[in-house]
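See structure below.
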Amino acid sequence: MNQNVQAVELDTKARPKDPARSEMTPSRGGTKAIADDPALLSMMIQGAEQSGPLWTATPYWQGYRDRILRELHRVGLRGMRNNQVLLKGFAFGGLPRPELPASPVKRAIWHALTAIPGVNRILAEHDRVLAAEYERHKSTRRNLARVALDEVAKSFPDLQPPAGIANDDADDAFTWRGHVVVPAFAIYLTRIADFYTRIQPKDVTSILEIGPGLGLSTLAHMTINPHLRVIANVDIVPVLYLSTQFLRTIEAIDLVDYRQMREHVTIAAEPAANGVRLYQMAPWQLPKLEGQIDYFFNSFSFQEMEKEVIRNYAAEIFRLVDKGALIHSMAAGHRPGAGGQREPVTLEFLEQVFSKKWPSVRTIDGFWPRVYGGSAELTRLLTK
């Protein structure tokens, strides 16, 4: 890990912080606030530094990682759901704002320029126009999400979104049939609904996902599948930290975090007495996971990795997962170098890797392509 990230780690450990807001404490909008846990973040960063290259953030995500750590050092998790600097790249995060350069000198120059009266007026007008456009875009996304939710409900009339999807006052929240949700949740729900129109929910009691981002896909599974008992999520630091602190505010989830598993030699995937047990795991913890998982999921993150990293993950997935996998990915992957990869990771390559265990391969059409313009050709459902 580079020196900037190491410096952020030390600052995160040492700097005084406001008292952490309890996830059980209502925030301004009546939703639950997301609590800071700098000790947990420091543990994750230390683990990442000690893990091997096959388990750390690939070049595509190193810039994201450094940006998120800088912002966590600056403001912590305060207002996370509306902070695009924290969430950009894997979740919606409120009104866009400039991403300041990492260099302190360049940041100082920027602040000096914005203090000049003429420049200040220009930027103020730009911000006004951007805010107005953001509000229009937010309204459009809400309307499309309502259409998506209504469509999914025709096939799954007993939809029960768990309470807390808009926790921490997500500014694009809206109410649908008495449930408070956000537009991005509907996108994930359509993809997951396409899966459950092919696979019976009763046949899926446990799942593994690599790269779930904030965790809206986790909540989408819980919305449709009442039989689900175990979820294992794997993501890089610090995205894992953000999703852990968000998902622990969802009362329907029995969450096991990195701290609880850090010293374990093995991690047994066991269901909770009631509801869903969620294991929030760093990549290097995956080899410790034991138990049988029904299905594996990945959406658009394998294309950001090197081929040897994917093969490394595949070995663990094959060890754990029995029934099949659902993969979403761009057909041609990233352009060479665009994602940091030495060569593009294509959907054809992913199909070749995973069809070794699950030779029945098909695309899945449905809600996501129909409502959001996704393409069934970017999907692969692999089963025995």
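On the given criteria, is ASP36 in contact (Cβ under 8 Å) with a residue 60 or more places away in the chain, charged (D, E, K, R) and surrounded by fewer than 19 Cβ atoms within 10 Å (Cβ to Cβ)? No: the conditions fail for ASP36. For GLY374, the conditions (1) in contact with a Phe, Trp or Tyr (Cβ under 6 Å, 6 or more places away or on another chain); (2) crowded, with 19+ Cβ neighbours inside 10 Å; (3) within 30 Å of THR266 (Cα to Cα) are fulfilled apart from (3). Among the residues of the stretch 310-345, those that are among the β-branched types (Val, Ile, Thr) and modelled with pLDDT of 95 or more comprise ILE310, ILE317, VAL321, ILE327.
Residues in the stretch 264-309 that are among the hydroxyl-bearing types (Ser, Thr, Tyr) and surrounded by 19 or more Cβ atoms within 10 Å (Cβ to Cβ): TYR279, TYR295, SER299, SER301.
When ARG65 is tested against (1) in a loop (DSSP other than H, G, I, E, B); (2) modelled with pLDDT under 95; (3) buried (at least 17 other Cβ atoms within 10 Å of the Cβ), only condition (1) is not met.
Of all residues in the stretch 112-124, count the ones that are exposed (fewer than 10 other Cβ atoms within 10 Å of the Cβ) and within 18 Å of ARG97 (Cβ to Cβ). Explain how you work it out, then say what you get.
Step one: list which residues in the stretch 112-124 are exposed (fewer than 10 other Cβ atoms within 10 Å of the Cβ), which gives 115, 117-118.
From what is left, the residues that are within 18 Å of ARG97 (Cβ to Cβ) are 115.
Residues that pass the stated criteria total 1.
Looking at the structure I just gave you, is ALA232 part of a loop (DSSP other than H, G, I, E, B) and either of a type in the set (Gly, Ala, Ser) or modelled with pLDDT under 95 (or both)? Answer is no for this residue.
Hey, which of the helices (runs of 4 or more DSSP H) in the stretch 303-384, taking only ones fully inside, have at least 2 residues that are in contact with a strand residue (DSSP E or B) (Cβ under 7 Å, 6 or more places away or on another chain) and either touching a residue at least 40 places away in the same chain (Cβ under 8 Å) or closer than 19 Å to SER217 by Cβ (or both)?
On the way: elements: 307-320, 347-354, 367-372.
Here the list reads 307-320, 347-354.
Quick one: which helices (runs of 4 or more DSSP H) sit completely within the stretch 78-167 and have at least 2 residues that are over 30 Å from ASP37 (Cβ atoms)?
Numbers: elements: 84-87, 104-114, 117-155.
Result: 104-114, 117-155.
Condition (residue is in contact (Cβ under 8 Å) with a residue 60 or more places away in the chain, more than 25 Å from LYS154 (Cβ to Cβ) and in a helix (DSSP H, G or I)) applied to the stretch 248-267: is it met by at least one residue? Looking for residues that are in contact (Cβ under 8 Å) with a residue 60 or more places away in the chain, more than 25 Å from LYS154 (Cβ to Cβ) and in a helix (DSSP H, G or I), one finds at least one in the stretch 248-267, hence yes.
Would you say GLY47 is modelled with pLDDT of 50 or more and either assigned to a loop (DSSP other than H, G, I, E, B) or in contact with a Gly (Cβ under 6 Å, 6 or more places away or on another chain) (or both)?
no
Given the condition β-branched (Val, Ile, Thr) and out of contact with any Lys or Arg (no Cβ under 6 Å at 6 or more places or on another chain), answer yes or no: does some residue in the stretch 316-334 qualify?
yes
Picking from residues in the stretch 335-357 that are in contact with a Lys or Arg (Cβ under 9 Å, 6 or more places away or on another chain) and more than 17 Å from SER299 (Cβ to Cβ), the one that is surrounded by the most Cβ atoms within 10 Å (Cβ to Cβ) is GLN341.
The values are calculated or read from the model by the stated rules, or taken from the named source; none is laboratory data. Computed from a prediction, not measured in an experiment: that's the story for all the values here. A quick note on method: Cβ atoms are made from the backbone with ideal geometry, for glycine too, and the neighbour counts reach across all protein chains shown.
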